[in-house]
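Single-structure report; data block below.
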Amino acid sequence: MATITDSGRRGGTPAPSPAAPSDQPAPRVPRGMPKRQVAILAAFVAPAFLLFAVFVVFPLLDGVRYSFYNWNGTGPLSNFIGLGNYTFTLFDPSFAPEFWRAVGHNLYFFAISMVLTLVFGIGLAYMMMIVNERASQRYSIIMMLPFTLPPVAIAYIWTIYLEPNSGVLYSVLHALHLDALALPFLGSTTLALPTIAVITAWVGMGFPVLVFLASLTEVPQDTMDAAALDGAGRFRILWSVLIPAIRPTILLITTMNFIGAFGTFDLIYIMQGSQAGPSGSTDVLGTLFYRTGFGGFGTTAQSMGLATALAVVGFVIVVGVSAVFLRLQKRFAD
C-alpha cells in the first residue's frame, strides 16, 4: 500500500517543492487609458480646441498686442506707445471719466438684473417645483420663448410698448387713469438704464429658472419633510432650507450675470444708439468701445489701439471678479 511521505504523494508521485522567490520584478499594471482611446479622444477634442484657439485665444492675444500701439485699425501696426493707451483709459481727464461712468453703469446694470434674477428666478423655480410635472414643462417652454427671439425683434417690440404717447403701456395706464405712471421710460436719464436692465432680465429669465429648478429638485425630500414636520410653511422651507442648499448654484448664476452685464451691448445699441442716450445715461463699456474703435457722434477719442486697451481692461475686471465668485462657489460646494 502506497504511503504519503515528505517527498512523495499517494502512488509515489513526488510532492512539488515550494516556489523559490524570483529576482524578476512583478509585471507592471498599465495605468491610464490605452493609446488607442487617447488617440480617439484627441481626434474628437482637436476640432473644438482648434476653433477655440482660432476664434478666442488668437483674437484675445492679438488684441492685447494692438493695445500697445496708437493704431487706427487700418494698415500695418506702427507707433508703439507701450502702456500709453492704458494710462489714457484709466487716468486721462478727457477720457477716464467716460470709462469709469461706463463701468459704473455696467455694475448698476448687473445689480438690477441680479436682484430680478434671484427674486423671480428662484420664486418661479420653486413654484414650478411644487406644481405637477406637466404644468412645469409648459411653464418652462413659455419662459424660454423670449430667450429664442433675436435682440432686434425684442428691442423693436419693447420700443413700441414703451412709446410715451401711443405705446401699449401708455394706453393701458391711461385706461386705468394712471397717467402719472406713463413716463418716458426710454427718454429719461434716470429710467432708461433700469428699463433696459429689466428687459434684459426678462429675456434671459428662462435659463436661470431652469438651473434653479434643477438645483432645487436635488435637495433631499427628507430634509423638506423634516422641516414641514417642525411646522415650517412653504416660504419658511424655501428661505431656511432650499436657498442655503443651492448657494453654489446662486453663485454660478451670479457669475454668469456679471459676465453678461459687462458684455451687454445689443439692446442698448438698438434702442438708444451708439451714443447710449439720453445724454450718455445708458453708456456701458460695449457702447464706449464701439465709439472709440469705430468713431461716430459723441466720440471723445477714436483709435482701435485705445479701444482694444479698453476691452482688455474690461476683460481683466470680468476675469478677476468671476474668479472670486467661482472661489466662493467652490467653498460653499465643499
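The values are calculated or read from the model by the stated rules, or taken from the named source; none is laboratory data. Please read all numbers here as calculations on a predicted model, not as lab measurements. Because the Cβ atoms are built from the backbone with ideal geometry, glycine has one as well, and the counts that use them run over all protein chains shown.
Within segment 233-274, considering only helices (runs of 4 or more DSSP H) that don't extend past its boundaries, which have at least 2 residues that are modelled with pLDDT of 90 or more and farther than 30 Å from LEU288 by Cα?
Helices (runs of 4 or more DSSP H) meeting the threshold: 247-262.
Of all residues in segment 210-236, which are more than 14 Å from the chain's Cα centre (by Cα) and closer than 30 Å to ASP266 by Cα?
Those that are more than 14 Å from the chain's Cα centre (by Cα) and closer than 30 Å to ASP266 by Cα: LEU210, PHE212, LEU213, ALA214.
Taking the conditions exactly as written (touching a Ser or Thr at 6+ places or on another chain (Cβ under 9 Å) and exposed (fewer than 13 other Cβ atoms within 10 Å of the Cβ)), does THR190 satisfy them or not?
yes
How many residues does segment 216-244 contain that are without any contact (Cβ under 8 Å) to a residue 40 or more places away in the chain and crowded, with 16+ Cβ neighbours inside 10 Å?
Going through segment 216-244 one residue at a time, the tally reaches 6.
Looking at (1) touching a Leu at 6+ places or on another chain (Cβ under 9 Å); (2) closer than 25 Å to ALA261 by Cα, which is the one condition that is false for ILE160?
(1)
Among the residues of segment 98-117, is there at least one that is under 14 Å from PRO208 (Cα atoms) and at pLDDT below 90?
The answer is no, given that none of the residues of segment 98-117 is under 14 Å from PRO208 (Cα atoms) and at pLDDT below 90.
Please count how many residues of segment 142-166 are among the small types (Gly, Ala, Ser) and touching a residue at least 40 places away in the same chain (Cβ under 8 Å).
Selection size over segment 142-166: 1.
Say whether the condition of being of a type in the set (Ser, Thr, Tyr), without any contact (Cβ under 8 Å) to a residue 12 or more places away in the chain and in contact with a Leu (Cβ under 7 Å, 6 or more places away or on another chain) is met by at least one residue in segment 117-135.
no
For the structure I just gave you, tell me whether PHE207 is crowded, with 16+ Cβ neighbours inside 10 Å and over 22 Å from THR249 (Cα atoms).
No; evaluated as a whole, the condition is false for this residue.
Looking at VAL198, VAL209, VAL203, can you tell me which residue is of a type in the set (Val, Ile, Thr), under 22 Å from ILE259 (Cβ atoms) and touching a Pro at 6+ places or on another chain (Cβ under 6 Å)?
VAL203
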